[in-house]
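A.B. asks: Input: one structure, supplied below.
The values are calculated or read from the model by the stated rules, or taken from the named source; none is laboratory data. Being a predicted model, the structure only gives us computed values, none of them experimental. Cβ: placed from backbone, ideal geometry, glycine included. Neighbour counts: every protein chain shown.
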Amino acid sequence: MTPHAGPTPRAGKKAASRQKILDAAREVFFRDGFMDANLDDVALGAGLAKGTLYRYFESKAELYVAVLSENGEAFVARLREALAGRRDGPDRIRSLAHFYREHWRQNPEYFQIFWAVENQPVIGELPRAVVEEVTRLWRSCLQELAAAIEAGVENGDFRSCDPWLMANLLWSSANALIRSEEVPARRELRRTSLDESFEAMLELFLCGLRRNA
């Protein structure tokens with residue numbers, strides 16, 4: 001039997017170059033945003049000629065989508081890890097919410113991608129492929145949250161409800177609080193720390209979901 005051949009040196013070199021481009025692009029996009037990002041800076045960061053970038057990605061939008069996809073898959077994987085071993089409905093929801101908040105704290109630049117899609121009337125229209133990829137990531141997050149709520153209903157932890165609607169309500173509330181942290185005037189109006197506000201919102205949400213609420 002002929003042994004399975006591994007990647008050729010040429011294929012390995014191409015994969016390494018592609019990863020260099022993605023790593024450099026992530027830094028530039030997260031620093032400057034999609035609209036202001038310059039592919040010259042990406043090429044410089046990757047240590048490659050600008051023309052080489054176009055051998056891997058046909059446009060800035062295609063490169064941006066690739067960065068989103070790579071980071072999005074890692075994000076969803078860590079989201080699922082946050083649920084590992086947790087069966088209690090409220091505990092699962094708290095774990096997901098806390099993971100989401102801490103992920104923002106550790107990677108605030110990543111969330112600018114989400115905000116950019118919502119701010120298109122202000123910053124300008126983004127390429128359709130970018131919007132579709134962000135929407136796909138949003139949907140993946142909501143599916144995990146809705147599944148946790150549905151499991152809580154089936155286990156008797158939560159009352160009967162529409163899991164998708166509840167997931168959207170919690171996710172929208174969490175995002176609103178996170179965004180308020182970035183606006184001084186909204187922080188002042190909030191009067192409490194982000195953590196205090198976040199926990200109050202989360203417990204209010206869980207209170208409404210509980211079977212005996």
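A.B. asks: Give the residue that is nearest to Met166 (Cα to Cα), with candidates limited to residues of segment 190-213 that are without any contact (Cβ under 8 Å) to a residue 60 or more places away in the chain and basic (Lys, Arg).
C.D. replies: Filtering first and then ranking leaves Arg211.
A.B. asks: OK, next. Any residue that is closer than 17 Å to Arg92 by Cβ and not in a helix (DSSP H, G or I) - is there at least one of those in segment 182-196?
C.D. replies: Checking segment 182-196: not a single residue is closer than 17 Å to Arg92 by Cβ and not in a helix (DSSP H, G or I).
A.B. asks: Being within 28 Å of Pro108 (Cβ to Cβ), small (Gly, Ala, Ser) and either under 13 Å from the mean Cα position of the chain (by Cα) or surrounded by fewer than 18 Cβ atoms within 10 Å (Cβ to Cβ) (or both) is the filter here, so list the residues in segment 130-173 that pass it.
C.D. replies: Answer for segment 130-173, where residues must be within 28 Å of Pro108 (Cβ to Cβ), small (Gly, Ala, Ser) and either under 13 Å from the mean Cα position of the chain (by Cα) or surrounded by fewer than 18 Cβ atoms within 10 Å (Cβ to Cβ) (or both): Ser140, Ala147, Ser172, Ser173.
A.B. asks: May I ask you to list pairs of residues, at least six apart or on different chains, whose Cβ atoms are under 8 Å apart, with the first in segment 70-99 being assigned by TED's automatic domain parsing to the domain that holds Asn175 and closer than 22 Å to Glu199 by Cβ and the second being outside any helix (DSSP H, G or I) and not basic (Lys, Arg)?
C.D. replies: Asp88/Asp157; Gly89/Asp157; Gly89/Phe158; Pro90/Asp157
A.B. asks: Moving on. Given the residues Leu194, Leu204, which is the only one that is of a type in the set (A, V, I, L, M, F, W, C), farther than 18 Å from Arg86 by Cα and surrounded by fewer than 13 Cβ atoms within 10 Å (Cβ to Cβ)?
C.D. replies: Step by step, each of Leu194, Leu204 is checked, and only Leu204 is of a type in the set (A, V, I, L, M, F, W, C), farther than 18 Å from Arg86 by Cα and surrounded by fewer than 13 Cβ atoms within 10 Å (Cβ to Cβ).
A.B. asks: State whether one or more residues within segment 25-33 are at pLDDT 85 or above, surrounded by fewer than 19 Cβ atoms within 10 Å (Cβ to Cβ) and not aromatic (Phe, Trp, Tyr).
C.D. replies: Yes; the residues of segment 25-33 include at least one that is at pLDDT 85 or above, surrounded by fewer than 19 Cβ atoms within 10 Å (Cβ to Cβ) and not aromatic (Phe, Trp, Tyr).
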